[in-house]
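Take a look at the structure below.
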Amino acid sequence: TQLALPDSHLITITHVVYGLHAFSVVSGMSSAMFIVTAFLAGWPSIIAVLINYVRRREVRGTFLDSHFSWQIRTFWWALVWCAIGGLLTITIIGAVIGIPILLVIGLWVLYRIARGWLRLAGHKPMPV
């Protein structure tokens, strides 16, 4: 099935959303915070997810719809795994598992942002 071509301003908005997520990740890498906690708690990522939800209807039927879903799923799955990792770090024994979970999910978030942004640059949809 052929997807409609999105307006250029919607492509720009999608780039901005990836940029906001990337800014959160970079701030997490440059401070004592974990990448994933900066991604989830940083105002740029929260604004990005809000943009995803507010503008989602406008991208329906275009390849950008898959990017919006990709960005939203990245945020929510990172939140779930961050909560699990955070709860595990409460105890010393759990920290042995929880801290690696937080580190891995941070790398996963980096991967998802990079992969999505590269596919967006090529005007390609994300796999569903």
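Of all residue pairs spaced 6 or more apart or on separate chains, those with beta-carbon atoms under 7 Å, a first member in the range 99-128 that is surrounded by fewer than 19 Cβ atoms within 10 Å (Cβ to Cβ) and a second member that is assigned to a loop (DSSP other than H, G, I, E, B) and not polar (S, T, N, Q) are Arg119/Met126; His123/Phe63; Lys124/Phe63; Pro125/Leu3; Pro125/Phe63. In summary, Phe23 fulfils each of the numbered conditions (1) aromatic (Phe, Trp, Tyr); (2) over 12 Å from the mean Cα position of the chain (by Cα); (3) surrounded by fewer than 19 Cβ atoms within 10 Å (Cβ to Cβ); (4) modelled with pLDDT under 95 with the single exception of condition (2).
Which is under 26 Å from Pro127 (Cβ atoms), open to solvent by 70 Å² or more (accessible area, probe 1.4 Å) and in contact with a helix residue (DSSP H, G or I) (Cβ under 6 Å, 6 or more places away or on another chain), of Trp77, Trp81? Give the steps one after another, and end with the answer.
Working: Trp77 fails: in contact with a helix residue (DSSP H, G or I) (Cβ under 6 Å, 6 or more places away or on another chain).
Just one listed residue meets the conditions, Trp81.
Is it the case, given these coordinates, that Gly98 is modelled with pLDDT under 95 and either in contact with a strand residue (DSSP E or B) (Cβ under 8 Å, 6 or more places away or on another chain) or of a type in the set (D, E, K, R) (or both)? No, not satisfied. Filtering the range 73-128 to residues that are in a helix (DSSP H, G or I), farther than 22 Å from Leu20 by Cβ and not aliphatic (A, V, I, L, M) leaves Gly85, Gly86, Gly94, Gly98, Pro100.
Could you look through the range 1-20, keep only residues that are among the polar types (S, T, N, Q) and over 12 Å from Gln71 (Cβ atoms), and pick out the one that is modelled with the highest pLDDT?
Step one: filter the range 1-20 for residues among the polar types (S, T, N, Q), giving 1-2, 8, 12, 14.
Okay, now just the ones that are also over 12 Å from Gln71 (Cβ atoms), so 1-2, 8, 12.
Values: Thr1: 58, Gln2: 69, Ser8: 92, Thr12: 96.
Here the answer is Thr12.
The single condition among (1) buried (at least 16 other Cβ atoms within 10 Å of the Cβ); (2) modelled with pLDDT of 95 or more that Phe39 does not meet is (2).
The values are calculated or read from the model by the stated rules, or taken from the named source; none is laboratory data. All of these numbers come straight from a predicted model, not from anything done at the bench. Ideal geometry is used to build each Cβ from the backbone, glycine not excepted, and the neighbour counts take in all protein chains shown. Calculation scope for accessible area: heavy atoms of the full protein, side chains included, ligands and nucleic acids excluded. Shrake-Rupley method; radii C 1.70, N 1.55, O 1.52, S 1.80 Å.
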